1. Among 37, 71, which is the only one that is surrounded by 15 or more Cβ atoms within 10 Å (Cβ to Cβ) and touching a residue at least 60 places away in the same chain (Cβ under 8 Å)?
2. For segment 170-183, state whether one or more residues are in the same structural domain as residue 98 (by TED's automatic domain parsing) and touching a strand residue (DSSP E or B) at 6+ places or on another chain (Cβ under 8 Å).
3. Could you please give the count of residues in segment 178-215 that are within 23 Å of residue 275 (Cα to Cα) and either modelled with pLDDT of 65 or more or surrounded by 12 or more Cβ atoms within 10 Å (Cβ to Cβ) (or both)?
4. Taking the options 329, 234, name whichever one is in contact (Cβ under 8 Å) with a residue 12 or more places away in the chain and crowded, with 21+ Cβ neighbours inside 10 Å.
5. Answer yes or no: is there a residue in segment 16-36 that is under 27 Å from the mean Cα position of the chain (by Cα), at pLDDT 90 or above and part of a loop (DSSP other than H, G, I, E, B).
6. Looking at 300, 276 in this structure, which one is touching a residue at least 60 places away in the same chain (Cβ under 8 Å), surrounded by 15 or more Cβ atoms within 10 Å (Cβ to Cβ), touching a helix residue (DSSP H, G or I) at 6+ places or on another chain (Cβ under 9 Å) and not in a helix (DSSP H, G or I)?
7. Scan segment 406-454 for residues that are at pLDDT below 75, part of a helix (DSSP H, G or I) and closer than 21 Å to residue 150 by Cβ and report the count.
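The values are calculated or read from the model by the stated rules, or taken from the named source; none is laboratory data. All values derive from a computational prediction rather than experimental measurement. Here the Cβ is made from the backbone with ideal geometry for all residues, glycine too, and neighbour counts use every protein chain on show.
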């Protein structure tokens, strides 16, 4: 499809035919939530074996796999080729360098900018809330997001046979289609006019019934809310992880060069292609991304309904971060940083505009202003220096340690990829751009003891 092509059907009513077809074939005949849950478990046992990009080419179903599942997965892999012909390996490598350089700071922006902005669209929040009761299990969203981001953005994640970015993206694409199928209780029809509302079925989702039962019983009015995980929502989510990240760096005074920003947008657009997002919905410059982002948020806000799922999701995320901060005075800082990075409108949407204790507010505002002033002055003599970077890295380290590096709950990744993630986050402990005295301060702020490694 050409980049400027106009589709006759609204993106809110468009999904992902290759993935939807595969899921429909694999779940065909499952007439209840229990039967679908069993079938989805069988699918998951197969796709967990998609460990590397190169391995996808030679993948074959296991000997005990239902033939319908095996054939559908093989056709799905054939229909979803790896990288698009417009993918630029040089730009992707440049984006990987940006991600590695920002390291722990990337995680701070994930928690305090990208994820909160994800919740701003009411319909998207409804899907997220249904897909795992996220206000009760915040770390599920965080960890599942990290399990995709790291394989994609680590060195060679998208462009080498040893990388795992393509494999992880194709898994996530199937998960989106499965969520759609369960909520709609069937595949979305080609003609949106044939969509019928799926009424809620509370009796089928007893307490503790599991995510598949919750999704199946949730109920959905596509005529009012569009398809679950539709093209517009997927494109918006993509912007929260590339545009919002880059916008956050700008607001922190750590903005990248235009070339680096466009390379980062490009790499994530390649990921968007792998996730089934239509190319005309992608943004290629920061100005274009800003315009698309504002337009999507305006449309989403116009469809707000009650009860509003967004404040509960945001409150849960803020609470999870506050729990990792030992000092009471500093506990409001995640909310204050999110307000700063996301802006007033998004903060209002998420109900993050509640009063914060004055001492915390003054410390945050005064401290941030002094840090920015100090950075501006020192950079005249040391261009790469930044105290802002130090503080945001320290915050990211605490969050990474809590949510992503917990050895008792490893990320759901193949063993080889999990090892690469561990090596990457371990290397992030020390900022190579900072002098040793800054490294020592950062280590104390992050809760580490001893002298940082060289």
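1. Sole residue among the options that is surrounded by 15 or more Cβ atoms within 10 Å (Cβ to Cβ) and touching a residue at least 60 places away in the same chain (Cβ under 8 Å): 37.
2. The first filter runs over segment 170-183 and keeps only residues in the same structural domain as residue 98 (by TED's automatic domain parsing), leaving 170-183.
Subset that is touching a strand residue (DSSP E or B) at 6+ places or on another chain (Cβ under 8 Å): 183.
Scanning segment 170-183 turns up at least one residue that is in the same structural domain as residue 98 (by TED's automatic domain parsing) and touching a strand residue (DSSP E or B) at 6+ places or on another chain (Cβ under 8 Å).
3. Looking only at that region, the number is 17.
4. 234
5. Yes, segment 16-36 contains a residue that is under 27 Å from the mean Cα position of the chain (by Cα), at pLDDT 90 or above and part of a loop (DSSP other than H, G, I, E, B).
6. On the way: 300 fails: not in a helix (DSSP H, G or I).
The conditions single out 276.
7. Qualifying residue count, segment 406-454: 1.
Matching residues to (1) under 17 Å from residue 260 (Cβ atoms); (2) within 16 Å of the chain's Cα centre (by Cα); (3) surrounded by fewer than 21 Cβ atoms within 10 Å (Cβ to Cβ):
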site	(1), (2), (3)
91	yes, no, yes
100	yes, no, yes
106	yes, yes, no
111	no, yes, no
115	no, yes, no
